[in-house]
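Below is one structure; the comments refer to it alone.
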Amino acid sequence: MAEKAGKTAGVEAEGNRSREKVCKRCKKIYDSASNNSNSCQFHPSFFVCRRHDDQKRYYELGPDDPPYAAKFYDCCGAEDPQASGCTTNFHVSYDDE
Ligand SMILES: [Zn+2]
Ligand SMILES: [Zn+2]
């Protein structure tokens with residue numbers, strides 16, 4: 001009787017090793033124990049280079065501006081790449097998926 005159970009290989013230390021994780025969205029180190037829906041501030045969309053298409057406001061390209069001068073976050077229209085996130089949610093770690 002060959003009893004070589006390969007499926008029950010020890011997975012016990014899961015979740016108990018370290019609570020410090022790196023968020024793949026904001027790249028910050030966080031403690032999973034204090035992760036809440038306001039922990040992570042981010043932009044759900046990309047920083048794009050085109051005109052605002054919401055008609056509410058748009059960057060008017062000057063005659064000397066290169067075509068890529070109009071850059072903003074597609075989600076909220078923030079024109080500063082360093083602008084803090086417009087959305088908050090839980091941090092998402094690399095092993096959450
Ligand atoms: Zn985060
Ligand atoms: Zn945004």
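Just one of the listed residues (Cys40, Cys49) is at pLDDT 85 or above and surrounded by 10 or more Cβ atoms within 10 Å (Cβ to Cβ), namely Cys40. Considering (1) surrounded by fewer than 10 Cβ atoms within 10 Å (Cβ to Cβ); (2) within 16 Å of ligand 2 (Cβ to nearest atom); (3) modelled with pLDDT under 90, the lone condition that Phe72 does not fulfil carries the number (1). All conditions in (1) in contact with a Ser or Thr (Cβ under 9 Å, 6 or more places away or on another chain); (2) more than 12 Å from ligand 2 (Cβ to nearest atom); (3) modelled with pLDDT of 65 or more hold for Asp96, with the sole exception of (1).
List pairs: first residue in region 23-38 and in contact (Cβ under 8 Å) with a residue 60 or more places away in the chain and under 13 Å from Thr88 (Cβ atoms), second residue in a loop (DSSP other than H, G, I, E, B) and within 16 Å of ligand 2 (Cβ to nearest atom) anywhere in the structure, Cβ distance under 9 angstrom, at least six positions apart or on different chains. Qualifying pairs under 9 Å: Arg25/Gly85; Cys26/Gly85.
The values are calculated or read from the model by the stated rules, or taken from the named source; none is laboratory data. Since the model is a prediction, treat every value here as computed from it, not as a measurement. We place every Cβ from the backbone using ideal geometry, glycine too, and count neighbours over all the protein chains shown.
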